[in-house]
Amino acid sequence: MQEAPRVDFNGLAGDFFLIQLGNLALSILTLGIYRFWGKAKYRRFLWGQTTLDGDALEYRGTGLELFIGAILVILLVSIPFGLISLLMPMLIADKGIAMAITQIALVLAIYYLIGVGQYRSWRYLLSRTSWRGIRSGMVEQGFSFGLFSFGLTLASVFSVGLATPWVMAKRWNRLVRDVRIGSLPMSGEADHRPLWKPFLLAWGVVVVPMIAFYAWFFFNYGEMFTRPEQNPSPEDMKQLFIAIGILYLGLIVLGFVGAMLFANYQAAYLKETFNKTRIGDTMALRIDVTPWQIIRYYLGNIALVLFTAYLGVILMPYRYWAFMARRVWIDGEYDAATLQQTDLAGPGQGDGLVDAFDVSSF
Amino acid sequence: MHSMSAVFEARVFDGQSAAPGHEQVARDGDVLRIGEESLPIADLLRVESKSGLTLHRLDRPDWRLMLPAEAASDFRDVTKFHAMTARHWSWIGGSVAAVAAVAVLLWFFGSAMLAQLAPLVPHDVAEGVGDQYALIFAPEEKQCNAAAGSAALDKIIGRIEPQGGLVEPVRVTVVDSDTVNAITLPGGRIILFKGLVDQSQTAEEVAGVLAHEFGHVQHYHGNQALIRHFGLGVFLEGLGGNVGTAASTGLFLSNGRAAEREADDDAIKLLRNGEVSAMGVSDFFARMGGTKTRDGKPGKGEAVDDGTGLTDLVSTHPGDRDRRLRFAESARRYTAKPILTDREWKALKAICAS
């Protein structure tokens, strides 16, 4: 037995920026088609700069795979969706009902596909990641997770977001359960209970005053909107502008406080999920993160975009990866001889479905 | 002639376990000696990093040999893992050439291709889409159907509709709205906003506007927008992210001006055949331009394509008196007969009063 491998990340933002500048130039020249190869290239850099016990991770995906993934999404999702919205009104006589049914069906299908896409993104990334020649993977295709996640999404929608901590913990545990690091299974036992306090704090401080704010506004000034034919006097208009000013100011303050409290919740979520995740029988993940670090991360992102006329956005994958890789640890010990090759085969194409819904962070 | 390299301490991962095997490794010309074993250099790939050199085997994708960084110089001739080969470059070059070729084709022949394709969209499909849009602009409860007004509208349509009808059956819907506009949707659906009737001083003005919309129907402009949106849009947006979107909406698709001219040409013919004065549209454009432009220039009524494929009849771009003058010019060449009686005209103006 030896100590669990130590995670290090040594990538320089400058190197990443140069890679992305080249990617950007080639993407523009090729009407965007190069971006798949560009993505493979920067992933190779991020993985390669991340070491476990001094040996770098390897990203083994290719641009062609991502390109084929995107083509598959067009063929299997975009075109059928387009056809459905085109053909449904022909099959149902009442146009209003046809439109409503089409909209609902498409929204439900998208909820389902987001889950499938998330699973397949993990599956793809893990299967294309290896360390010392040992690959990882996910045991399923993602369709049953899609259903599971669909149920969770509905719970979230119908609870006006109140079920979020429970939903997020469930989703994490279900995903992690299917991960294989080589031959070693992962398991997640994240508990939703510790998440409630930070979540309700954020929800209560943001949502309740927001409703109160809007109620106050419409109680006092709503009449001016519902009966516009009664021309309001200049005095009324002045009052209205002051009220709108107060409303916006209130929302900005709320948004700021809310972001702080949300970072607080996010830190609690990351800690609860990572720290309750085990690899095999002898290792566990750990993340050292504080709410303040998350706030600084977001403020950094905003500044990077604002002060670079948007160009800084090409650094986002680096920032996300570096933020996580520098804070994640593996505790415990392991026997290298028991970390065997996985018997899972990787999927044949890239994470196009996630690309289409844009839920992948790097 | 053998040139043995120095001997390096290396770790071998067999692709089965994360436990390393420790071996003495040296390069011997075209072969790599690992302990007792020899591997042809041609079967290897290399990845260099700050911490060292990693060798891959072509025949065993999970196998790894990790050497110290000072070994790197002895293996510089080994193919890089993920290196761009001539095959890769020909693929990328081919794709770029294909994209460029498609772009050039669309640029030069895009509108001709659209014009050919548009009539092929089945009427039912086009009408289905038109109906969906129609619901947005003219919800059921805002449609105007007063009997006398509808009869007057039908009379106008009867005068300007050619013998044997248009290429698609048309349906004109009047919607109770202050907007001064008319739009043609796919499937021969025309939405006439009541504001346009309110702003018109004669039935000839309304007739001229409808004749223009009939022109859009005759050229299947609605279907053209449909093909652009669903065909090209879906594909380019899926592939190229933002770049594709920009390309599909911006570059080769803005032939709105040409479409308006085509519609005007037809409108002029339809009005002449129906013996309806074309002076009405000219007056209408002049008045709309006159009331809306700030620089005081008279005459306009330039149509714009807002990218959704719904063409606006009236907008407030300065200039382009040409259009107005063409209608006026045509009006002088034939004698027109009045289109509605005073009574019918009043009824049309009251079409939204139930």
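Every read-out reported here was derived from the displayed coordinates using simple, explicitly stated rules and does not represent laboratory data. The shown structure was predicted, so the numbers you read here are calculated from the model rather than taken from an experiment. Neighbour counts are summed over all protein chains in view; Cβ atoms, including those assigned to glycine, are modelled from backbone coordinates with ideal geometry.
What the table below lists for this structure:
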{"quantity": "Most mobile of A:MET88, A:MET168, A:MET316 in a GNM of chain A (Cα contacts under 10 Å)", "calculated": "A:MET88"}
{"quantity": "Helical segments meeting 27 Å axial Cα length and Kyte-Doolittle 0.0 threshold in chain A (DSSP H)", "calculated": "A:95-127, A:193-226, A:234-275"}
{"quantity": "Fewest-first sequence of B:ARG57, A:ARG296, B:ARG87 by Cβ atoms within 10 Å of each Cβ", "calculated": "B:ARG87, A:ARG296, B:ARG57"}
{"quantity": "Hydrodynamic radius (Kirkwood) for chain A, which is based on Cα pairs only, to one decimal in Å", "calculated": "23.6 Å"}
{"quantity": "Low-density loop positions, trypsin sites (Lys or Arg not before Pro), the range A:1-91 - DSSP coil, at most 12 other Cβ in 10 Å", "calculated": "A:ARG6"}
{"quantity": "222 nm mean residue ellipticity, helices alone, for the protein assembly as shown (DSSP H n ≥ 4; -39,500 (n - 2.57); rounded to 500)", "calculated": "-17500 deg cm²/dmol"}
{"quantity": "Residues B:CYS144, B:CYS352 arranged by fewest to most Cβ contacts within 10 Å", "calculated": "B:CYS352, B:CYS144"}
{"quantity": "Shape of the range A:271-362, Cα gyration tensor, a/c cut at 1.5", "calculated": "oblate"}
{"quantity": "Zone of A:ILE302's modelled label, taken as backbone nitrogen in the range A:234-262 under 18 Å from a point 7 Å along Cα→Cβ", "calculated": "A:248-262"}
{"quantity": "Modelled FRET efficiency - R0 30 Å, B:ASN273 with B:LEU120, Cβ distances, 0.05 increments", "calculated": "0.65"}
{"quantity": "Rh (Kirkwood; distinct C-alpha pairs) - the range A:51-106, Å", "calculated": "14.5 Å"}
{"quantity": "Cα gyration tensor shape for the range A:132-277, rounded if a/c is under 1.5, else prolate or oblate", "calculated": "prolate"}
{"quantity": "Against the rule of thumb 2.2 N^0.38 Å, how large the Cα Rg of the range B:43-126 comes out", "calculated": "2.09"}
{"quantity": "Above-threshold pairs, the threshold being 27 Å between Cα atoms, out of B:LYS142/B:LYS346; A:LYS238/B:LYS194; A:LYS39/B:LYS50; A:LYS41/B:LYS50; A:LYS197/A:LYS276; A:LYS41/A:LYS271", "calculated": "A:LYS238/B:LYS194; A:LYS41/A:LYS271"}
{"quantity": "Cα-based convex hull volume of the range A:60-187 per residue, rounded to whole Å³", "calculated": "111 Å³"}
{"quantity": "Other-chain or far-sequence residues with amide H under 5 Å of B:GLY15's (modelled H)", "calculated": "B:ARG64"}
{"quantity": "Candidates A:GLY63, A:GLY300, A:GLY280, ranked by Gaussian network fluctuation over chain A, Cα under 10 Å, top entry", "calculated": "A:GLY300"}
{"quantity": "Förster-model FRET efficiency, 22 Å R0, A:ILE101 and A:LEU76, C-beta, rounded to 0.05", "calculated": "0.55"}
{"quantity": "Using a Förster distance of 56 Å, the FRET efficiency for A:ILE244-B:GLU23 (Cβ separation, nearest 0.05)", "calculated": "0.15"}
{"quantity": "Spherically averaged projected area of the protein assembly as shown from its Cα convex hull (nm²)", "calculated": "39.7 nm²"}
{"quantity": "Label point distance in nm, B:ALA98-A:VAL160, each placed 7 Å from Cα along Cα→Cβ", "calculated": "5.2 nm"}
{"quantity": "Residue among A:GLU235, A:GLU272, A:GLU65 with the largest mean-square fluctuation in a Gaussian network model of chain A, springs linking Cα atoms under 10 Å", "calculated": "A:GLU235"}
{"quantity": "Counted charge near A:THR129, where neighbours are those whose Cβ lies closer than 9 Å (Asp, Glu -1; Lys, Arg +1)", "calculated": "+2"}
